[in-house]
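Read the figures in this text as sums done on the coordinates, not as results from a lab. Owing to the predicted nature of the structure, the values given are computational and were not obtained by experimental measurement. Cβ: placed from backbone, ideal geometry, glycine included. Neighbour counts: every protein chain shown.
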Amino acid sequence: MSYFDLPLDELRAYSPQREEPTDFDSFWKDTLSDARKFPLELQLKKMDFGLKLIESYDVTFNGYAGQPIKGWLLLPKSRNEKLPCVVEYIGYGGGRSFPTEWLLYASAGYAHFVMDTRGQGSSSLSGDTPDRDEVGGYPQYSGFMTKGILNPLTYYYRRLMIDAVRAVEAASQLPEVDPTRIAVTGKSQGGGLSLAAAGLEPTIKLCLPDVPFLCYFRRATQLIDTMPYYEIVRFCRSHRDKVEQVFQTLSYFDGMNFAVRANAKALFSVGLRDDICPPSTVFAAYNYYAGEKEIRIYEFNEHDGGGAHQNLERLSFLKQQL
């Protein structure tokens, strides 16, 4: 993949006009209020995966509409005080898999709360949480990007983003966790969910989105022909009379609109050759981000988000801030 987006000096200043619905805040306030009518009913079951230095717990909590969401809690066995907690969201198509996939943060001394992704977990890491959709018979293109897309009330990411906030609330209730020191993180879709959570839950202290997805949908669909954004293109190709309706729905879920409401200190990453989450869409969210922020730029990288190098950057950032 060669360079295809804006030059870096233009990316640093890139702040396109946001498409924000007038009822954005009330939409999310009402959605959160409805979700919080259901108790979290947080359940933990200790598991043995042969890890001598890390305790593993199977987690269940109630997310959107009181629907049960799975996850993992990983704790360092050696601890004598409440721990800062990293809540992690998973990339598109992936699920929680097994604790052996998630050893970084607990090994570094943090509580690590991994949220499973409803309905996903069959194209990469396996998942265990079904999605009880509210599509109501709407058409969709294969995948999750157009599931219920003709109405923000039925759109798939409304449910998933509420799950993400409820995961933070669940982590805050854990006796091993210091609720004043919670970070959210994830790559791609996980990065987009991190931005949504930080924009909706002001108690989050740190936000670490790597190559975040779900940012500036219109630009992404005009610029690239790779999945998952291309699912939206294919839907609009068939439903030519629904294009503006589609982007009206997506405006409720755009990372730029969450970024302007987020105050957690943030560490972003971007790959300048990324043709999955184009650099301009990442910088659009970053440049609008309201809190203190830093970004790590990988000039020759694509959608790996800096890989192992960014792991070290995140650990360094967490150590400084938590």
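Using 0.36 nm per residue, how much length does the chain from GLU19 to LYS77 gain when fully extended, once their Cα-Cα distance is taken away?
That works out to 16.2 nm of additional length.
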Rounded, prolate or oblate for segment 147-210? Axes are the square roots of the Cα gyration tensor eigenvalues, ordered a ≥ b ≥ c, and the cut-off for rounded is a/c under 1.5.
prolate
Please report the Cα spread of segment 46-114 along all three principal axes, rounded to whole Å, starting with the longest.
36, 23, 20
GNM of the chain, Cα pairs under 10 angstrom: of PRO39, PRO68, PRO130, the biggest fluctuation goes to PRO39
State the extension gain, in nm to one decimal, for the chain segment bounded by SER124 and LYS37, taking 0.36 nm per residue of separation less the distance between their alpha-carbons.
28.0 nm
How big is the antiparallel share of DSSP beta bridges in the chain, given as a percent to the nearest 5?
45
Pull out a ≥ b ≥ c, the square roots of the eigenvalues of the alpha-carbon gyration tensor of segment 236-322, then state rounded if a/c is under 1.5, prolate if not and a/b is larger than b/c, and oblate in the remaining case.
oblate
Please list, in chain and number order, the residues 5+ apart from VAL87 or on another chain whose amide H is under 5 Å from its amide H, with Hs placed from the backbone.
PHE113, ALA183, VAL184, THR185
If you take the alpha carbon radius of gyration of segment 275-322 and divide it by 2.2 N^0.38 Å, what ratio comes out, to two decimals?
1.24
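Please sort by residue number the chymotrypsin sites (Phe, Trp or Tyr not before Pro) in segment 211-304 whose DSSP state is loop and whose Cβ has at most 11 other Cβ atoms within 10 Å. Mind dumping the intermediate values first?
Numbers: sites: PHE213, TYR216, PHE217, TYR229, TYR230, PHE235, PHE247, TYR252, PHE253, PHE258, PHE268, PHE283, TYR286, TYR288, TYR289, TYR298, PHE300; in loops: PHE213, TYR216, TYR289, PHE300.
Counting only loop positions with at most 11 other Cβ atoms within 10 Å, the chymotrypsin sites (Phe, Trp or Tyr not before Pro) in segment 211-304 are PHE300.
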Efficiency of FRET between LEU103 and ASP30 - r from beta-carbon atoms, R0 25 angstrom, step 0.05:
0.05
Of CYS85, CYS215, CYS236, the one that fluctuates the most in a GNM where the chain has Cα springs shorter than 10 Å:
CYS236
For the chain, just run the numbers: alpha carbon Rg, then divide by 2.2 N^0.38 Å, N being how many residues it has.
0.94
How would you classify segment 1-52 from its alpha-carbon gyration tensor, with a ≥ b ≥ c the square roots of the eigenvalues: rounded for a/c under 1.5, else prolate if a/b is greater than b/c, otherwise oblate?
oblate
Could you list which residues have their amide H under 5 Å from that of GLU55, counting only those 5 or more apart in sequence or on another chain, with H placed in the peptide plane?
LEU75, LYS77
Segment LYS46-GLN321, length gained on full extension (0.36 nm per residue, minus Cα span):
96.0 nm
Restricting to Cα pairs under 8 Å and 6 or more apart, the percent relative contact order of segment 20-321 works out to 15
For ASP9, ASP163, what's the fewest-to-most ordering of other Cβ within 10 Å of each Cβ?
ASP9, ASP163
Give the whole-number value, in cubic angstrom per residue, of the convex hull volume spanned by the C-alpha atoms of segment 106-243.
131
